[in-house]
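J.: Before I ask anything, let me first share the structure, which is written out below as structure tokens.
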Amino acid sequence: MVDYICQYMTNLENQRVTPDVEPGYLRKLIPSEAPVEPENWEDIMNDVDNKIMPGVTHWQHPRFHAYFPSGNSYPSILADMLSDAIGCIGFSWAASPACTELETIVMDWLGKAIGLPNDFITSSKGSRGGGVIQTSASECVLVSMLAARNQAIQYLKRNKPHVEDNVFLPKLVGYCSREAHSCVEKAAKILLVKLRILEPDENGSLRKETLLEAMEKDKANGMVPFFVSTILGSTSSCSFDNLQEIGPICKAEPCTWLHVDAAYAGNAFICPELKPLLKGIEYADSFNTNPNKWLLVNFDCSCLWVRCRMRLTHALVVDPLYLQHANSDEAIDYRHWGIPLSRRFRSLKLWFVIRKYGLSGLQKYIRNHMKLAKHFESLVKKDNRFEVVNDVRLGLVCFRLLAPDTVNQTLLATINASGKLHMIPSMVKGKYIIRFCVTAERATRDDIEYAWRTITEHASDLLGMLPT
Ligand code: PLP
């Protein structure tokens, strides 16, 4: 399998980046009943080659420019192999002490490297907070909102201890910007709370006045602002909310939890020159970033830090006898920090990656992506048929033909159908745009120039076909 993986990674470039298959293609190729007798490896691997690979989208392909990077590297793959072999289910300290303790240590490493306040670092003197690895950013947002909901209900119950918790739900209201990821909306849906989706400014940034106005209006109607989810590095355009303005507004409320979702951009804060983008973090109650996006760690590895771990675990603790152990009082039991009980040994891959590259190697990787995004931006700007729509600060460029949305839609559809390049669309400032993200670990200037040539060739063909 190791040889197979090495070959896959080496030969990726010679394949289409996206598969050319129709929905249901696999059902025709795989028996509808499970085999009764064991099969041999050769047959299984032949089917991988002939049936599975033709339907795979190659996220590690140098021509993959969709979404955000899907982190990947040899140290990370090897760590996951070892984690799979150990196969422990580290829900408590006792269930596998190394699994729990390494997670706390590497979360401190990464939290410090990002520049989070000491309150978020478990080993910091006087800290009541800490970090935990979750499966996804969506889960980080959900558990943060859950903790915030619990905190607000406890606050509202202080004079009405006998009232049922759910009686307070209709009063709770959360806020985020239109640029926030849809997982915030999903979390509100799951938790049965209202969410106001607010308009950001012309740079995609949620500002003080907008939030304040919405909160004042809600409070005048008897509602309780309990949660604000801000975004550093939005999915559509990599825009940044103004934390320095929003933070004090949350702090002025009796029970408003401030969450910072930096699923992609947060990783980049390990570079000292990018730390100004984190200004205002001192107001946050929780912060998440995904090393499985932009830190060469394979999915899943989504890191959440909280300022006060008791406020998180208070919302999640259940403690049956069969999960208790003699060291519960002094050890961390991560089952209280999230939704699932069972947990993989995920810290191993974060540890391998940080050690094998060193922070300097990871900084180099991020800076290379940023430099290449700037190069792509300069190529777009030189062609007066196109415009760049976002402020290119990290590895994402949003661009479009200076033509109606329908023309841009056709351009993207034909490029994707060619299998030569893969990008996705979004809406920025009310316009349909194409997102170009630098994703591959060893992305080069040549890859960027290949991409731009492919885009301009398709654009010339398309514009040539349009009536003048
Ligand atoms: N938040 C942001 C800013 C994102 O860009 C994404 C996904 O791209 C998410 C949240 C959701 O991430 P996940 O797939 O880990 O739930």
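J.: Could you work out the local net charge near VAL184, counting Lys and Arg as +1, Asp and Glu as -1, over the other residues with Cβ closer than 14 Å to its Cβ?
T.: Numbers: positive: ARG149, ARG178, LYS186, LYS189, LYS194, ARG196; negative: GLU139, GLU179, GLU185, ASP241, ASP261.
Spelling it out: positives minus negatives among the neighbours equals +1.
J.: Rule-of-thumb check for the range 81-352: C-alpha Rg over 2.2 N^0.38 Å?
T.: It is 0.99.
J.: Just want to confirm a number: the relative contact order over the chain, from Cα pairs under 8 angstrom separated by 6+ residues, in percent. Write out the running numbers ahead of the final one.
T.: Numbers: 840 pairs, mean separation 99.9, N = 468.
For the chain, the relative contact order is 21 percent.
J.: Right, here's the next one. Considering only DSSP beta bridges whose two residues both sit in the chain, what percent are antiparallel, to the nearest 5? Write out the running numbers ahead of the final one.
T.: Values: 22 of 42 bridges.
In the chain, approximately 50 percent of DSSP beta bridges are antiparallel ones.
J.: Now, a different point. Check which residues have an amide H placed less than 5 Å from GLN134's amide H, if you skip close sequence neighbours.
T.: SER302, CYS303, LEU304
J.: Suppose each label sits 7 Å from its Cα in the direction of the beta carbon; what would the ASP84-THR10 distance come out to in nanometres?
T.: Here the modelled spin labels are 2.1 nm apart.
J.: For the range 81-352, what relative contact order do you get, as a whole percent, if you take Cα pairs closer than 8 Å and at least 6 residues apart? Working shown, then result.
T.: Working: 528 pairs, mean separation 74.6, N = 272.
Across the range 81-352, relative contact order equals 27 percent.
J.: A further question on this structure: At a 10 Å Cβ-Cβ cut-off, how would you order CYS183, CYS88, fewest neighbours first? Walk me through the numbers before you get to the answer.
T.: Values: CYS183 21, CYS88 16.
Ordered from fewest to most neighbouring Cβ atoms within 10 Å, CYS183, CYS88 come out as CYS88, CYS183.
J.: With just the Cα atoms defining each centre, how far is the range 282-320 from the range 222-276? Give it in Å.
T.: 15
J.: Mind ordering 156-167, 322-333, 245-256, 430-441 by average Cβ neighbours within 10 Å, highest first? Present the calculation step by step, with values, prior to reporting the outcome.
T.: Numbers: 156-167: 10.4, 322-333: 12.4, 245-256: 17.2, 430-441: 20.6.
Per-residue mean Cβ counts within 10 Å order the peptides as 430-441, 245-256, 322-333, 156-167.
J.: Only loop residues by DSSP count here, and only those with at most 16 other Cβ atoms within 10 Å; note down the trypsin sites (Lys or Arg not before Pro) in the range 79-155 that meet that. Provide the component values of the computation, followed by the final result.
T.: On the way: sites: LYS112, LYS125, ARG128, ARG149; in loops: LYS125.
Of the trypsin sites (Lys or Arg not before Pro), the ones in loops of the range 79-155 whose Cβ has at most 16 other Cβ atoms within 10 Å are LYS125.
J.: How long is the gain from GLU282 to THR57 if the chain were fully straight, where each residue apart is worth 0.36 nm and the alpha carbon distance is subtracted?
T.: Values: separation 225, 0.36 × 225 = 81.00 nm, distance 4.00 nm.
Once the chain is fully extended between GLU282 and THR57, it gains 77.0 nm.
J.: Can you list residues whose amide H is under 5 Å from ARG196's amide H, if they're 5+ apart or on another chain and H is modeled 1.01 Å from N?
T.: Under 5 Å from the amide H of ARG196 lie the amide H atoms of GLY174, TYR175, CYS176, each far enough along the sequence or on another chain.
J.: With θ set to phi - 60° and the Karplus curve 6.51 cos²θ - 1.76 cosθ + 1.60, what are the ³J(HN,Hα) couplings of the range 101-108 in order, to the nearest whole Hz, using x for Gly and Pro?
T.: In residue order, the calculated couplings are 5, 5, 4, 5, 5, 6, 5, 5 Hz.
J.: When the Karplus curve 6.51 cos²θ - 1.76 cosθ + 1.60 is applied with θ = phi - 60°, which whole-Hz ³J(HN,Hα) does each residue of the range 33-43 get, with x for Gly and Pro?
T.: 10, 5, x, 7, 9, x, 10, 8, 4, 4, 5
J.: Then there is this: Which order do peptides 27-36, 287-296, 2-11, 73-82 fall in by mean Cβ count within 10 Å, highest first?
T.: Numbers: 27-36: 7.3, 287-296: 27.9, 2-11: 10.9, 73-82: 18.8.
Ranked by mean Cβ neighbours within 10 Å, highest first: 287-296, 73-82, 2-11, 27-36.
J.: Compare the peptides 97-107, 62-72, 361-371 by average per-residue count of other Cβ atoms within 10 angstrom and give them in order, highest first. Please report the intermediate quantities before stating the final value.
T.: Working: 97-107: 19.9, 62-72: 21.8, 361-371: 17.5.
By packing density, highest mean first, the sequence is 62-72, 97-107, 361-371.
J.: Shifting gears a bit: Rounding to the nearest 20 debye, state how big the charge dipole of the chain is about its Cα centre with +1 on each Lys and Arg Cβ and -1 on each Asp and Glu Cβ.
T.: Working: 52 positive and 52 negative charges, 282 e Å.
The calculated dipole for the chain is roughly 1360 debye.
J.: Oh, and also: Which of VAL392, VAL306 has the fewest other C-beta atoms within 10 Å, and how do the rest follow up to the most?
T.: Working: VAL392 22, VAL306 28.
The fewest-first ordering by Cβ neighbours comes to VAL392, VAL306.
J.: Also: Would you compute, from DSSP H runs of 4+ residues alone, the mean residue ellipticity of the chain at 222 nm, taking -39500 (n - 2.57) per run and dividing by the full residue count, rounded to the nearest 500? Please report the intermediate quantities before stating the final value.
T.: Values: 13 runs with 180 residues, N = 468.
The helix-only estimate for the chain comes to -12500 deg cm²/dmol at 222 nm.
J.: May I ask for the net charge around ASP165, where only other residues with Cβ less than 10 Å from the Cβ of ASP165 are counted and Lys, Arg are +1 while Asp, Glu are -1? Spell out each step's value before the answer.
T.: On the way: positive: ARG149, LYS157; negative: GLU164.
The answer is +1.
J.: With a sphere of radius 11 Å drawn around the Cβ of VAL141, what net charge do the other residues whose Cβ falls strictly inside it have (Lys, Arg +1; Asp, Glu -1)? Mind showing how you got there, number by number?
T.: Details: positive: LYS186; negative: GLU139, GLU185, ASP261.
Charge balance near VAL141 sits at -2.
J.: Using θ = phi - 60° and the Karplus form 6.51 cos²θ - 1.76 cosθ + 1.60, what ³J(HN,Hα) does each residue of the range 61-74 get, whole Hz, x for Gly and Pro?
T.: Each residue of the range 61-74 in turn: 5, x, 9, 8, 10, 8, 6, 10, x, 9, x, 6, 5, 4 Hz.
J.: Quick check: convex hull of the Cα atoms in the chain, volume per residue, rounded to a whole Å³?
T.: Once divided by residue count, the hull of the chain is 186 Å³.
Each reported figure results from applying straightforward, stated rules to the coordinates on display, with no laboratory input. For clarity, every value in this text was computed on a predicted model and none was experimentally measured. When we count neighbours, we look across all protein chains shown, and the Cβ atoms used for this are built from the backbone with ideal geometry, even at glycine.
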